[in-house]
Amino acid sequence: MSLEHWAWLGIASQPGSGIVDEILRVFPDPEEFFLSGDSGIAKIPKLKEEDALRIRATSLDVAKKAIESAENYGAKVITKESPYYPQNLLSIEAAPPVLYVLGDETCLNMEPAVGIVGTRRLSEYGSEMANIIAGGLGSAGALVVSGMALGIDSVAHKACLAAGGKTVAVQGCGICKTFPPENVELKELIAANGAVISEFIPDDEARSSFFPIRNRIVSGMSLGVCVIEAAARSGTSITANLAFEQGRKVFAVPADVNRTTSQGTFRLLRNGAIPVADAKDILSEFDSEHTAHLSLDKIQKRKTEKNPKAASERPEKPPKLIKKAPPAGISKNAAAIYGVLDRTPKSADEISDLTNLASSAVAVGLTELELMGLILPASGRRFVIA
């Protein structure tokens, strides 16, 4: 079975289409199907005329070019027969015949793999919870899977990497493209400490129709999916519903039900999603065969380090004001926030008043500083210098 014919099947059958399953049931070898021509097409049940037209119109040269583009970009091409292909994906409908992989393909089968998804319009609370959960999973040795979108996805990837973990990003575009373009550096970081994958033709730009298609991979290669902030109707809710359909565990972080971005998670909880507050809540839901190798003690250590009061019940001396110059390489807003922080915990509202920054700018700046290890969260969603 040739790589070119597997790539051809992925293109000819159209990503996300269930017709690929019908073809492989009759022709387990894509090369045999390619060589069979119209007689082979006639043997595929439920094949619509538009599907047949696409198959006839897709040449092997298109597949060869796709492989060449991916390899020139530094990506690998793996098929459903490869030992590196995510084994969890094999159980879902319309599993991609090929995946284009940038980075370490060996991490695609790390267990347990947990999908983390959420809104692009994250709140300060959503950012905090994504950091806690993704960072905890990464520090324990679990794999974090997400879609590299702005918002919760990006925070989850970064928090996992900051904790020394492995993460996989499933792109809604070809592997040679980056969407959103703001995440070029993040894509490089993920590829260097995990993998970026896509089933689309390597040079395909992102399209709105691609994102629901890629979402089935995020849920499909995960044992469970954790939703952190989601509107009632959103791509995140689509991913959660796919996870339910695929027999995956679905987790949701409780939040303010009056927020638009909490209505989706509230609905999920009513429909049977498991409420969680940290990585241990998630990992405790998996069988020991998936979690026996994890370093769960690192999660507790990380929590203790982030909450110094938890390490001792002795009263502390009044915190002494610390004046430090902002480190090089951080944004202007992050530098302003860093300049007003010390050992006295301050809330986002207090920081906003002290810096004259909008609450949204404060939330972004706090996330940047926390990911760099320069600040720590304290009780009551307040922050101190690390």
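The values are calculated or read from the model by the stated rules, or taken from the named source; none is laboratory data. None of these values were measured; they are calculated from a predicted model. Here the Cβ is made from the backbone with ideal geometry for all residues, glycine too, and neighbour counts use every protein chain on show. Accessible surface areas use protein heavy atoms only, side chains included; no ligands, DNA or RNA. Shrake-Rupley method; radii C 1.70, N 1.55, O 1.52, S 1.80 Å.
Here are the numbers:
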read-out: Whichever residue in the stretch 193-208 is at pLDDT 95 or above and touching a helix residue (DSSP H, G or I) at 6+ places or on another chain (Cβ under 7 Å) and, among such residues, is surrounded by the fewest Cβ atoms within 10 Å (Cβ to Cβ); value: D203
read-out: Residues located in the stretch 23-73, provided they are within 17 Å of H5 (Cα to Cα), part of a helix (DSSP H, G or I) and polar (S, T, N, Q); value: S36, S69
read-out: Flag for L376 being closer than 17 Å to N131 by Cβ and assigned to a helix (DSSP H, G or I); value: no
read-out: Sole exception among (1) out of contact with any Phe, Trp or Tyr (no Cβ under 7 Å at 6 or more places or on another chain); (2) outside any helix (DSSP H, G or I); (3) touching a residue at least 40 places away in the same chain (Cβ under 8 Å) for V77, by number; value: (1)
read-out: In the stretch 187-239, the residues that are assigned to a helix (DSSP H, G or I), among the aliphatic types (A, V, I, L, M), more than 14 Å from the chain's Cα centre (by Cα) and under 21 Å from A134 (Cα atoms); value: A192, I238
read-out: Residues of the stretch 116-150 satisfying the condition of being under 13 Å from A363 (Cβ atoms) and charged (D, E, K, R); value: R121, E124, E128
read-out: Counted residues, the stretch 88-135 - those being in a loop (DSSP other than H, G, I, E, B), hydroxyl-bearing (S, T, Y) and farther than 24 Å from L283 by Cα; value: 1
read-out: Residues of the stretch 157-175 classified as more than 18 Å from E111 (Cβ to Cβ) and either surrounded by 20 or more Cβ atoms within 10 Å (Cβ to Cβ) or aromatic (F, W, Y) (or both), total; value: 10
read-out: Residues within the stretch 242-277 that are open to solvent by 20 Å² or more (accessible area, probe 1.4 Å) and assigned to a loop (DSSP other than H, G, I, E, B), tallied; value: 12
read-out: Residue tally, condition assigned to a loop (DSSP other than H, G, I, E, B) and charged (D, E, K, R), over the stretch 1-22; value: 0
